[in-house]
Structure formats: C-alpha cells, structure tokens
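Below is one structure, written out as structure tokens; the observations come after it.
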Amino acid sequence: MRKKGFTLVELLASIVLLGIIIAIAVPRYNKYIAKSKKNTFRETLSGLYRSVEIYVAEHPEKSFTEYTNIFSIDIDAENLNKIKSGRFIVENGVLYFEDISNGDFCGRGRKDNFEIIEGACS
C-alpha cells in the first residue's frame with residue numbers, strides 16, 4: 001500500500017525553487033523602491049521650484065541676489081517630502097537650487113534639469 005504525500009526530495013526541490021525566485025525578486029524590488037524614492041524627490045524639487053518661483057515673482061521688493069535659506073521664505077516644509085535643508089539663488093532672473101536635501105538625496109539645478117545625487121550634500 002502506497003502512502004499519499006510528498007517525498008523529501010520533492011519538498012527540497014520546491015524549497016530550492018522558491019529560494020531562487022526570491023533571490024531574483026528581492027534585488028529587483030529594492031531597485032524599484034530606490035528608483036521610486038528618487039523620482040518622488042525629483043517631483044518634490046519640481047513643486048518646490050514652482051513655489052519659490054511664484055514667491056520670488058510676488059515679492060519683487062525683496063532682494064534674492066544672494067543665497068537664501070529655503071526656510072526663510074515661509075514654505076511649509078512639513079509637506080515637502082521631509083526636505084531638511086537647501087538654498088536658492090536668483091541670478092540674472094533665473095532661479096537655481098543648491099544643495100536641497102532630504103537626508104537620502106541631494107539635488108541642485110534649475111527647472112526640470114535637477115541633478116540628483118544619492119546621499120547627503122557635500
């Protein structure tokens with residue numbers, strides 16, 4: 001009489017197969033998450049850029065020719081993907097960001113041409 005069930009070899013083969021699938025899937029998933037975080041930071045910079053651009057346009061009486069701390073212009077930083085630090089400068093009527101950081105990424109540049117570096121700003 002034959003017993004019903006799986007043999008030890010069948011169980012081991014199933015476990016090995018699952019291990020291979022997990023070994024392939026986890027690095028891809030982590031890469032996807034890192035790319036999503038970077039894109040979220042890029043979108044946050046774009047929104048912040050538009051906000052600062054509007055602020056500068058609405059306050060022509062202020063001088064923005066020198067580096068300015070991003071938080072000195074009354075931007076609600078709590079809703080900006082946890083931006084921790086950064087500065088902007090207006091040069092010849094063009095707005096630039098410098099060293100905008102959320103702790104994970106550092107961004108600098110203008111308009112939709114932001115350079116984003118992984119890690120803290122140097």
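If you take all other residues with their beta carbon under 12 Å from the beta carbon of residue 94, and give Lys and Arg +1 and Asp and Glu -1, the sum is 0. Seen from residue 112, the other residues with C-beta closer than 15 Å to its C-beta sum to a net charge of +3, counting Lys and Arg as +1 and Asp and Glu as -1.
Using R0 = 30 Å, the C-beta based FRET efficiency linking residue 89 and residue 46 works out to 0.95.
Each residue of region 28-43 was assigned a 3J(HN,Hα) from its phi angle through the Karplus expression (A = 6.51, B = -1.76, C = 1.60, θ = phi - 60°), giving 5, 5, 4, 5, 4, 5, 4, 5, 5, 5, 5, 5, 4, 5, 4, 5 Hz with x at Gly and Pro. The Cβ shell under 13 Å around residue 40 holds other residues with a net charge of +3, Lys and Arg each +1, Asp and Glu each -1.
Since every read-out is calculated from the coordinates, none of them should be taken as a lab result. The structure presented is a predicted model; accordingly, all values stated were derived computationally and were not measured. Methodologically, a virtual Cβ is constructed for each residue, glycine included, from the backbone with ideal geometry; neighbour enumeration extends over all protein chains shown.
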